[in-house]
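K.L.:
Right, I'll just put the structure down here and ask away after.
The values are calculated or read from the model by the stated rules, or taken from the named source; none is laboratory data. Predicted, not measured: the structure shown is a model, and the values here were computed from it. Cβ sites come from the backbone with ideal geometry, for glycine too, and all protein chains shown count toward neighbours.
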Amino acid sequence: MTGLNEDQARRRGHEGQPGRYRQSQALFEQAQRFLPAGVSSNFRLGAPPLPLYYRRAEGGHLYDVDGNDYVDYVLGMGPIVLGHAAEGPVRRVESTLRTGQLFGAQSPLEVELGERVCRIVPCAERVRFTSSGTEAVQLAFRLARGFTGKRRIVKFEGHYHGWMDSAYVSVNPGEDVRGPYDAPDSVLMSRGQSESILQDILVLPWNNLELLTRTLERRADEIAAVIMEPVNCNTCVIPPRPGYLEGARELCTRLGIVLIFDEVITGFRLALGGAQEKLGVTPDLATFAKAIANGFPLAMVAGRAAIMDQLTQGVVHGGTYNGGVPAVAAALATLDALAQDDGAAYRRMEEAGQALMAGLRAAAARADQPFLVQGFGAVFHTSFTNQRAIHDYRDYARYTDIPRLQRFVGHLADEGVRTSARGTWMTCAAHDGADVERTIAAAEGALRRL
Ligand code: PMP
């Protein structure tokens, strides 16, 4: 989540291959006169070599304004599961464009999508659509508080649940402010954030069931919900330790606490039914976004009827764009494509991802770099570390070489491979063997330059 400031980003542009990013550089400078920092999300500032400007995306590739072609593993920060501009969603959306975009009311399409989601997602007895993951999380918090009559939300260090005041806490807190491991301080992540929300949030390290048990048992009467990424994709793609999700599930059931899985990244990416299907633990509520609509802005909260039906009993949620026709149409087509041929799209993502992970490990070993690859085929993480696994945010912050990772990511861009500044790679169904080979060759070059 770390954003570079503009100066750092500008300097980056002059490293690497001079001239390669000339037009992006010029646009970046022009943009800063109109768009603060030259971008529309602070999280896009950090991507080495500099914030690039793109003209086109197709399949597994991106094309920037300088004409450079990248194999893309950022994939719109996760939504693109089928490939950019995938035929099914594009055709389905096109078919709706002349019949209107927003009715300020319902359409049959959203009923069809709601029914489909309830069939696919284990926790989904009801669904409410929103336009972004950030909003979905806010609704989940409100539902949990409305249902339990309690106030506090437990969240974990290194987990990201959107940029809103109430959730943007302790995502990547510095060593000087994060406090002791077993009783972390809650750290606001942005200037301008309201300090009052700190009273509502309780921060814990993730993946430690003993600490979670102790905290929840002691404070059950204040805690409305526990929210977590079931796989911590926003830090190192850390999988849960064996028994951790099951333990959290048992505790929340026993203590009357709502368990929320934030599946904004894992949903429809790890499996059609998300991480909850893949890992076999069903939360009370789950938030989804990104991969459900292959790049169109659709998100949702899904969950148990008793909690979701608080929306008929005084819990309020609105939004002009909720259930908008193009996004819902795109989601229906995306789910069709993901389910096709018994999940062939997932097999392709897994195959490309596994080949990449193996190839990157081998390339790093040849370059004699201490390198860790962890995660799943559809989303994995690379870091420079001597550790054999990273189990939580503090491991990541303490034991991985983040500056070296950033240099690696910049060198990869020079070699025509785009991955995220924080070392997360995602695959899509359009990545093929040639993309994988090209990526591994690029990584060899990038590793040699370190
Ligand atoms: N939750 C998680 C786990 C996320 O990764 C993100 C976005 N990266 C969000 C919530 C926020 O979603 P959005 O950017 O759509 O608001």
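K.L.:
Restricting the range 226-251 to residues that are more than 10 Å from the ligand (Cβ to nearest atom) and in contact with a Gly (Cβ under 7 Å, 6 or more places away or on another chain), which is nearest to Q138 (Cα to Cα)?
P.N.:
Step by step, filter the range 226-251, then rank; the result is T235.
One line per residue, one yes/no per condition, for (1) closer than 17 Å to L82 by Cβ; (2) not in a helix (DSSP H, G or I):
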site: L311; (1), (2): no, no
site: G318; (1), (2): no, yes
site: A333; (1), (2): yes, no
site: A344; (1), (2): yes, no
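K.L.:
Look through the range 322-343, keep the residues that are free of Cβ contacts under 8 Å to residues at least 40 places away in the same chain and under 29 Å from L97 (Cα atoms), and return whichever of them is surrounded by the fewest Cβ atoms within 10 Å (Cβ to Cβ).
P.N.:
Per the criteria, the residue is D341.
K.L.:
Now for a different question. If only one of R422, R388 is touching a Gly at 6+ places or on another chain (Cβ under 9 Å), closer than 25 Å to Y181 by Cβ and assigned by TED's automatic domain parsing to the domain that holds R44, which one is it?
P.N.:
Testing whether each residue is touching a Gly at 6+ places or on another chain (Cβ under 9 Å), closer than 25 Å to Y181 by Cβ and assigned by TED's automatic domain parsing to the domain that holds R44 leaves just R422.
K.L.:
Being touching a residue at least 60 places away in the same chain (Cβ under 8 Å), crowded, with 19+ Cβ neighbours inside 10 Å and either closer than 19 Å to G295 by Cβ or not assigned by TED's automatic domain parsing to the domain that holds G303 (or both) is true for just one of V117, V74. Which residue is that?
P.N.:
Being touching a residue at least 60 places away in the same chain (Cβ under 8 Å), crowded, with 19+ Cβ neighbours inside 10 Å and either closer than 19 Å to G295 by Cβ or not assigned by TED's automatic domain parsing to the domain that holds G303 (or both) holds for just one of V117, V74, which is V117.
K.L.:
Residues to consider are A293, A378, A365; find the one that is under 18 Å from E263 (Cα atoms) and not assigned by TED's automatic domain parsing to the domain that holds A136.
P.N.:
Checking each option against the conditions leaves just A378.
K.L.:
Shifting gears a bit: For the condition surrounded by 19 or more Cβ atoms within 10 Å (Cβ to Cβ) and either in contact with a Gly (Cβ under 9 Å, 6 or more places away or on another chain) or more than 22 Å from V379 (Cβ to Cβ) (or both), what is the one hit in L298, L255?
P.N.:
L298
K.L.:
Right, A105: assigned to a loop (DSSP other than H, G, I, E, B) and in the same structural domain as P403 (by TED's automatic domain parsing) or not?
P.N.:
no
K.L.:
Continuing with the same structure: For the range 129-144, what are the residues that are surrounded by fewer than 22 Cβ atoms within 10 Å (Cβ to Cβ) and not in a helix (DSSP H, G or I)?
P.N.:
S131, S132
K.L.:
To continue, here is another question. I'm trying to understand the selection: among the residues of the range 129-164, which are within 15 Å of the ligand (Cβ to nearest atom) and either among the basic types (K, R) or at pLDDT below 95 (or both)?
P.N.:
Residue satisfying the conditions is K155 alone.
Residue-by-condition table, conditions (1) within 15 Å of the ligand (Cβ to nearest atom); (2) not in a loop (DSSP other than H, G, I, E, B):
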site: T287; (1), (2): yes, yes
site: A291; (1), (2): yes, yes
site: F296; (1), (2): yes, no
site: A306; (1), (2): no, yes
site: V315; (1), (2): no, no
site: G323; (1), (2): no, no
site: V328; (1), (2): no, yes
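K.L.:
I've got another one for you. Kindly state which strands (runs of 3 or more DSSP E) lie completely within the range 25-94 and contain at least 2 residues that are in contact with an Asp or Glu (Cβ under 7 Å, 6 or more places away or on another chain), within 16 Å of the ligand (Cβ to nearest atom) and on the phi < 0 side of the Ramachandran plot.
P.N.:
Those strands (runs of 3 or more DSSP E) do not exist here; none qualify.
K.L.:
Which pairs have Cβ atoms under 7 Å, sit 6 or more apart or on different chains, and link a residue in the range 145-161 that is in contact (Cβ under 8 Å) with a residue 60 or more places away in the chain and outside any strand (DSSP E or B) to one that is of a type in the set (S, T, Y) and within 16 Å of the ligand (Cβ to nearest atom)?
P.N.:
E157/S170; E157/Y393; G158/T235; G158/Y393; G158/Y396
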